[in-house]
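Engineer: Got a structure here, written out as structure tokens. Questions coming.
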Amino acid sequence: MTDRGEPQAYDEKLEKIEIEVLLEAVFLRYGYDFRYYAYPSLRRRIWHRMSLEQLPTISLLQDRVLHQREAFERLLADLSIPVTEMFRDPGMFMAVRGGVLPVLKDAPFLRVWHAGCASGEEAYSMAILLEEEQLLGRSRIYATDISESCLQRARKGVIPIDRMRLYTKNYQAAGGKRTFSSYYEVAHGSATLDAALGERIVFAEHNLVTDRSFNEFQIIFCRNVMIYFNAALRERVHGLLYESLAPGGFLILGGKESVAFTGFASRYEAWNDEFRIYRKVR
């Protein structure tokens with residue numbers, strides 16, 4: 001807006017400067033690095049947040065985010081897009097059940113990493129899968145995200161009851177062997193997942209952009225996370241995932257993601273092309 005309250009003419013160059021300054025400020029103030037995310041997606045989400053905050057300029061959004069932690073948390077939720085559901089893409093879980101776990105069934109201990117776990121539904125789904133394949137007792141699931149608020153929800157294992165019909169359908173399509181309702185209890189309009197599942201899951205904050213490898217895993221899920229990154233950041237994260245994967249381990253990506261055209265393509269074999277499951281061979 002001008003000093004007279006009139007709308008400013010759109011200036012694309014100025015907008016890019018403001019976005020760059022906002023992302024640099026977020027990185028310096030809070031340690032979250034969105035500077036290498038795909039620009040069109042970032043721009044769209046920033047303008048969405050400005051509309052909700054009723055702010056006319058990106059610079060004013062930056063001022064609010066720097067001085068109000070709550071405003072930053074709202075922006076973080078927009079930029080990180082915490083979207084998930086239990087047994088999302090049931091065919092993928094069926095492929096893990098029938099094609100991946102049999103290969104690993106004799107391993108003395110299984111470590112599974114869900115990178116970008118959001119509110120944890122995928123990690124709980126994997127815990128159920130491991131339980132039904134009699135592997136959960138010698139497994140540890142690490143579920144990480146950059147959002148502490150998402151992780152707090154994940155640790156509680158509480159899901160609105162209206163989602164359970166879809167989740168039951170997904171579970172059945174994923175080859176579920178029991179009655180899905182045996183894995184949760186209902187009270188006060190919510191479903192609380194079996195505490196025994198959560199005991200095998202470690203929820204922790206981890207930033208794929210800035211943090212390093214923290215363990216060696218037999219299975220890594222990193223689904224629909226890197227679609228928001230630019231090419232340079234995708235390559236860096238692929239390096240982190242490769243470093244974190246045990247020899248012969250499995251990397252599972254989202255439907256629009258691939259190891260093709262990365263510097264690590266020759267180090268994997270395509271285990272299941274349809275569901276983007278790759279096995280580390282080098």
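The values are calculated or read from the model by the stated rules, or taken from the named source; none is laboratory data. Since the model is a prediction, treat every value here as computed from it, not as a measurement. Note: ideal-geometry Cβ built from the backbone for every residue, glycine included; neighbour counts use all protein chains shown. SASA here: full protein model, heavy atoms, side chains in, ligands and nucleic acids out. Shrake-Rupley method; radii C 1.70, N 1.55, O 1.52, S 1.80 Å.
Engineer: Any chance you could give the angle, 0 to 90 degrees and rounded to 10, that helix 39-53 forms with the longest Cα principal axis of the chain?
Structural biologist: For 39-53 against the chain, the angle is about 70 degrees.
Engineer: Anything over 28 Å Cα to Cα? Flag those among 105/177; 13/256; 156/177; 256/280; 16/156, in the order listed.
Structural biologist: Those over the limit are 13/256; 16/156.
Engineer: What is the magnitude of the charge dipole of region 16-169 about its Cα centre, with +1 placed on the Cβ of each Lys and Arg, -1 on the Cβ of each Asp and Glu, and no other charges, expressed in debye to the nearest 20?
Structural biologist: Computed about the Cα centre, the dipole is about 120 debye.
Engineer: Can you tell me how region 232-282 classifies by the Cα gyration tensor, rounded, prolate or oblate, using a/c under 1.5 as the rounded cut?
Structural biologist: Here region 232-282 falls in the oblate category.
Engineer: So how strong a dipole does the chain carry about its Cα centre when Lys and Arg Cβ are +1 and Asp and Glu Cβ are -1, to the nearest 20 debye?
Structural biologist: Roughly 640 debye for the chain.
Engineer: Please name which of 80, 124, 58 has its Cα lying farthest along the dipole of region 1-126 towards the positive end, using unit charges on Cβ (Lys, Arg +1; Asp, Glu -1) and the Cα centre as origin.
Structural biologist: Of the listed residues, the answer is 124.
Engineer: Follow-up question, since we're still on this one. How many percent of the accessible area of region 62-179 is carbon or sulfur, using a 1.4 Å probe?
Structural biologist: Carbon and sulfur: 48 percent of the exposed surface of region 62-179.
Engineer: On to the next question. Match the structure shown to one of the listed values [x] 29, 21, 17; [y] 40, 32, 15; [z] 36, 23, 15 of semi-axes √(5λ) of the Cα gyration tensor in Å, computed from it, and give that label.
Structural biologist: [z]
Engineer: Provide the FRET efficiency to the nearest 0.05 for the residue 177-residue 258 pair, computing r from the beta carbons and using R0 = 35 Å.
Structural biologist: Approximately 0.65, to the nearest 0.05.
Engineer: How far is it, in nm, from the label point at residue 60 to the one at residue 205 when both lie 7 Å from their Cα along the line to the Cβ?
Structural biologist: Spacing of the two 7 Å Cα→Cβ label points: 3.0 nm.
Engineer: Which listed residue (209, 245, 220) has the Cα farthest towards the positive end of the charge dipole for region 190-249, taking +1 on Lys and Arg C-beta and -1 on Asp and Glu C-beta about the Cα centre?
Structural biologist: 209
Engineer: Expressed as a rounded percentage, what relative contact order does region 155-282 have, with Cα pairs under 8 Å and six or more residues apart?
Structural biologist: 19
Engineer: I'd like the antiparallel share, as a percent to the nearest 5, of DSSP beta bridges with both residues in the chain.
Structural biologist: 45
Engineer: Which distance in Å, rounded to a whole number, links the C-alpha centroids of region 193-252 and region 110-146?
Structural biologist: Between the Cα centre of region 193-252 and that of region 110-146, the gap is 12 Å.
Engineer: Moving to a separate point now. Given Cα pairs under 8 Å that are at least 6 residues apart, what percent is the relative contact order of the chain?
Structural biologist: Relative contact order comes out at 16 percent.
Engineer: Calculate the FRET efficiency for residue 281 and residue 230 from the Cβ-Cβ distance with a Förster distance of 30 Å, rounded to the nearest 0.05.
Structural biologist: For residue 281 and residue 230, the calculated efficiency is 0.65.
Engineer: Also, I was wondering about something else. Between residue 17 and residue 158, what's the calculated FRET efficiency when r is the beta-carbon distance and R0 is 41 Å? Round to 0.05.
Structural biologist: The formula returns an efficiency of 0.45 here.
Engineer: Moving on. Mind checking region 236-268 for trypsin sites (Lys or Arg not before Pro) that DSSP puts in a loop (not H, G, I, E or B) and that have at most 15 other Cβ atoms within 10 Å?
Structural biologist: 256
Engineer: Could you work out the local net charge near residue 147, counting Lys and Arg as +1, Asp and Glu as -1, over the other residues with Cβ closer than 9 Å to its Cβ?
Structural biologist: Result for the local shell: -4.
Engineer: Treating only the Cβ of Lys, Arg, Asp and Glu as charged (+1, +1, -1, -1), what charge dipole size does region 89-230 show about its Cα centre? Round to the nearest 20 debye.
Structural biologist: 220
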